[in-house]
Amino acid sequence: MRRFITAFGLGIVVVAFVVIAIGASGGSGDPTYKLEFDNAFGLVNGAPFKVAGVPAGSISSIDLCSTDPKAHCQSKYDALVTVQVTTKGFGAFRTDASCQSRPQSLIGEYFVDCQPGQYGK
């Protein structure tokens with residue numbers, strides 16, 4: 001029962017992540033997003049970032065929410081995962097978007113998979 005409650009709580013927090021568009025980063029023109037996770041287990045810099053299962057970019061950094069004063073995190077101890085979109089033709093996230101950390105292989109590699117959502121801007 002405790003395992004179910006923990007998984008359910010983790011799912012709720014991950015679904016309720018905050019996506020903050022910070023526009024173009026550097027001179028590359030690739031959009032960058034900051035995602036809030038309560039647990040970033042297995043995620044590393046350079047890991048794939050997918051939208052609806054399609055590769056869209058990679059993870060550029062992983063920090064605590066307390067390191068970014070502009071972050072709208074639920075807890076200062078949550079992970080703030082910055083992803084950079086490198087695929088052309090990528091749309092925008094909607095207000096009901098959600099992201100999850102998923103295993104990629106049997107050896108423990110993880111990636112971020114987001115669903116862009118359907119409603120809102």
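The values are calculated or read from the model by the stated rules, or taken from the named source; none is laboratory data. Here the structure is a predicted model, which is why all the values come from computation and not from measurement. Cβ sites come from the backbone with ideal geometry, for glycine too, and all protein chains shown count toward neighbours. These area figures cover heavy atoms from the full protein model, side chains too; ligands, DNA and RNA do not enter into them. Shrake-Rupley method; radii C 1.70, N 1.55, O 1.52, S 1.80 Å.
By accessible area, using a 1.4 Å probe on protein heavy atoms only, the stretch 22-121 has 54% of its surface on carbon and sulfur. Taking label positions 7 Å along the Cα-Cβ direction at both GLN74 and THR86, the computed distance is 3.1 nm, reported to one decimal.
Remark on the stretch 77-121: ratio of C-alpha radius of gyration to 2.2 N^0.38 Å is 1.37.
Net charge around ASP113, counting only other residues with Cβ within less than 9 Å of its Cβ (Lys, Arg = +1; Asp, Glu = -1)? Please list the in-between numbers first.
Working: positive: LYS50, ARG102; negative: none.
The answer is +2.
Ligands, DNA and RNA excluded, the heavy atoms of TYR119 present near 150 Å² of accessible surface to a 1.4 Å solvent probe.
The candidates PHE111, PHE41, arranged from most to least accessible area with a 1.4 Å probe in the full protein assembly, appear as PHE41, PHE111. Scanning residues 5 or more positions from ALA56 or on other chains, those with amide H under 5 Å from its amide H are PHE49, LYS50, VAL51, with H placed 1.01 Å from N in the peptide plane.
Near CYS99: Cβ cut-off under 15 Å, other residues only, Lys/Arg at +1 and Asp/Glu at -1. The net charge is -1. Placing ASP78, ASP38 in order of accessible area, with the largest value first and a 1.4 Å probe, yields ASP38, ASP78. Taking 7 Å steps out from each Cα toward its Cβ at ASP30 and ASN45 produces label points 1.4 nm apart.
Tell me the net charge near GLY53. Cut-off is 13 Å between Cβ atoms, GLY53 excluded, with +1 for each Lys or Arg and -1 for each Asp or Glu. It would help to have the intermediate numbers written out before the result.
Working: positive: LYS50, ARG102; negative: ASP113.
The answer is +1.
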